[in-house]
Each structure stands twice: as C-alpha cells, then as structure tokens.
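A short worksheet on the structure shown next.
The values are calculated or read from the model by the stated rules, or taken from the named source; none is laboratory data. Keep in mind that this is a model prediction, so the values were computed, not measured. Here Cβ is always computed from backbone atoms with ideal geometry, including for glycine, and neighbour counts include all displayed protein chains.
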Amino acid sequence: MGKASNPTFSPRQQQVLQDAIELIATDGYDNLTMRAVARATGIKLGALQYHFPTRDDLLRALATYIADTYRASFDEYKATLDGSSPHLRLVVQFLMEDDAGSGLHSDRLFPQLWALALVEPIMEDLMDNIYDEYLQLLETILADRGMAAPKAEALAIMALIEGLTLFVGQGRRWAKSDPAATKVVYDLISQRYGSEA
C-alpha cells in the first residue's frame, strides 16, 4: 500500500505528514516541532503554518492520516473476505505483514506513537481506534472458536505481534531473525488453535 493518496489532504499536506512521520520514526516524537517539520519538508515555517497553523493541528492531521491509512488497508483486507468468516491465521498474517505500515515506518513509528499517546490525548485516541477494529475481529474469531476468554486471547495475540516488531523490525538488532520468529508465531497459533486456524 505504501504512500497511497489520501483525499482528506492535499498532495502537499500529505508530503508534510509523511515527512513528519519520518521525523518521528527517525528522531523521536520529542523532536516533532513545527520548525523541524518545516526543515524536513524543505519549506518555510510560514508555509507549513498555512497548512497546519499549530502543532496541535499537525498532530490531529497526523492522527487522521495514520488512521485513514490503516482503515483503508483493513477495508481492502475485509473486501477480500467476500463476506466469509476470516481464518485466524490469515488475520494474524495480515497484521504481521502490515502493508499499511510499510509507508509509515510502523516498526519505528509505533513505539514513538505509544509514547506520544501518554502525553497527547489525540494520539491515545488514534492508537485506541487503530487497535479496536483489529481486536474486535480477533475477539470475534476466537469467540466463534469457543474460547472461554476471547478478549484476553485477542489481546495476547496482539501483544505478541506488536512485541515482535520491537525486536525484529527493520533496522532492529535481530531483524535477520524475522522469518524464523514469524514462523514461531504461526506455529504457536497452530498449536493453540489447531492447524486449520
């Protein structure tokens, strides 16, 4: 999916938001200032403030941009199901492949967003909204499979997937172990829920 067009924002705004994402992923959320974004984008501060008058406006736009990107990816995935019930392994595979996150540097961005969510309510809402849909889908699948605590199991699966990216994400110390670690996740899912999961 990568840097797909988002009709909510002009092409220039999308470029600014993508540069802000790169800045957060590379330098950390605490370096997300209007001046730093203007420098990263190669425009004057006044031009940036034309599109996003304040840092709060920029944060709201970032939250919308990231959420829209993930929502579009999830909608595309759900369309492939053609009304049939998704298999647990396919949902886990979709989450682990994270096509939407490839253009968002998600393996570096999301740890920063989690930290930012602790101090910025808009980012807390973003994180909740992104994960709510995925957790609901996992919980529904697990409930249909008769699991006694489907929400707890869904949360554990999401924690396993998210935690894995911290260790084997792009540029991480153990990135070369990604295929083997991914296989372990699939094996664990198969052992717990059956090979037809």
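Structure notes:
- Scan of region 162-181 for residues that are in contact with an Asp or Glu (Cβ under 9 Å, 6 or more places away or on another chain), in a helix (DSSP H, G or I) and touching a residue at least 24 places away in the same chain (Cβ under 8 Å), ordered by number: Leu164, Thr165, Leu166
- Out of Asp107, Asp128, sole residue that is assigned to a helix (DSSP H, G or I) and loosely packed, with under 14 Cβ neighbours inside 10 Å: Asp128
- Residue that is surrounded by fewer than 17 Cβ atoms within 10 Å (Cβ to Cβ) and at pLDDT 90 or above, where the choices are Ala156, Ala117: Ala156
- Search result, residues across region 88-97 that are touching a residue at least 60 places away in the same chain (Cβ under 8 Å) and of a type in the set (D, E, K, R): Arg89
- Region 42-61, residues that are surrounded by 13 or more Cβ atoms within 10 Å (Cβ to Cβ) and polar (S, T, N, Q): Gln49
- Exactly one residue out of Phe94, Phe167 is hydrophobic (A, V, I, L, M, F, W, C), within 14 Å of the chain's Cα centre (by Cα) and either within 27 Å of Tyr65 (Cα to Cα) or surrounded by fewer than 18 Cβ atoms within 10 Å (Cβ to Cβ) (or both): that is Phe94.
- Residue in region 140-152 that is touching a Pro at 6+ places or on another chain (Cβ under 7 Å) and crowded, with 18+ Cβ neighbours inside 10 Å present: yes
- Residue count for region 62-89, restricted to those that are small (Gly, Ala, Ser) and either surrounded by 14 or more Cβ atoms within 10 Å (Cβ to Cβ) or touching a strand residue (DSSP E or B) at 6+ places or on another chain (Cβ under 8 Å) (or both): 4
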